[in-house]
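This report concerns only the one structure given below.
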């Protein structure tokens, strides 16, 4: 009888059949360069502040429906009527400050996009070169870094809200700007390969 070795994951991912594990295995740490997808992730990381990511993950499809698949042009036109609709939507996080910030962020995103693609903007802070860490345990994972502080400060200057340095580091991890899979995790090397091949338009990486 052949014995199959169990796949090793980052401890936070949980059992293989959980939604968290699927997210860990398929998305977390994979380099992301699509502008809309990056904006979506930034918004969701903002909603996550003070909550668990699993809470957001379970509501992600509801968020996509409520915010028109994170179409910034449509979101920027949201009115008080839309805010009221969202505050009555049990499928998302009904936090008025975060909802209003999201609408404001859509406007900031559109203004920013007039001068630079969002992917080029965020990846430009690391010159399109993902940071591949070699962590042996979760103890080495920081809550924020100098780079996440810089991105946070720049986004705030460009009119974004709910973009603190801790939120931005989580954003960097999830979008593959940094590889914080522990080295024994089966996804560390897989993500590292994708990161080394990454090309970001406009950066010449």
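Laboratory data are not the source of any read-out in this text; all were calculated from the coordinates shown. A quick note: this is a predicted structure, and the numbers were derived from the prediction, not measured. Cβ atoms come from the backbone with ideal geometry, glycine included; neighbour counts cover every protein chain shown.
Give me the extension gain from residue 137 to residue 158: residue separation times 0.36 nm, minus the current Cα-Cα distance, reported in nm with one decimal.
Stretched out fully, the residue 137 to residue 158 stretch lengthens by 4.0 nm.
Which whole-number percent gives the relative contact order of the chain, counting Cα pairs below 8 Å spaced six or more residues apart? Display every interim value, and only then the final one.
Working: 256 pairs, mean separation 62.8, N = 205.
RCO, the chain: 31 percent.
Could you rank the peptides 26-34, 78-86 by their average count of other C-beta atoms within 10 Å per residue, with the highest value first? Numbers along the way, then the final one.
Numbers: 26-34: 17.7, 78-86: 13.8.
Peptide ranking by packing, descending: 26-34, 78-86.
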Practice task
For residue 85 and residue 30, calculate 0.36 nm times their separation in residues minus their Cα-Cα distance, and state this gained length in nm to one decimal.
Solution key: 16.4 nm
Handout entry: the chain, helix-only ellipticity at 222 nm - DSSP H runs n ≥ 4, -39,500 (n - 2.57), divided by all residues, nearest 500
Key = -15500 deg cm²/dmol
Problem - Cα-based helix-to-principal-axis angle, 165-174 vs the chain, degrees rounded to 10 - result: 60 degrees
Practice task
With a/c under 1.5 counting as rounded, go ahead and sort the range 80-134 into rounded, prolate or oblate using the C-alpha gyration tensor (a ≥ b ≥ c being the square roots of the eigenvalues; past the cut-off, prolate if a/b is larger than b/c, else oblate).
Solution key: oblate
Completion exercise
Checked the range 157-204 with the C-alpha gyration tensor, a ≥ b ≥ c its square-rooted eigenvalues, rounded below a/c of 1.5, otherwise prolate if a/b is larger than b/c and oblate if not; verdict oblate
Handout entry: Potential lengthening between residue 61 and residue 125 on full extension [0.36 nm per residue; Cα-Cα distance subtracted]
Key = 20.1 nm
Practice task
Pick out which of 152, 52, 184 has the largest mean-square fluctuation in a Gaussian network model of the chain, springs linking Cα atoms closer than 10 Å.
Solution key: 52
Problem - Highest-MSF residue in the chain out of 114, 61, 127 [GNM, Cα springs under 10 Å] - result: 114
Fill in the blank from the handout: Most fluctuating of 125, 162, 70 in the GNM of the chain (C-alpha, under 10 Å) is 125
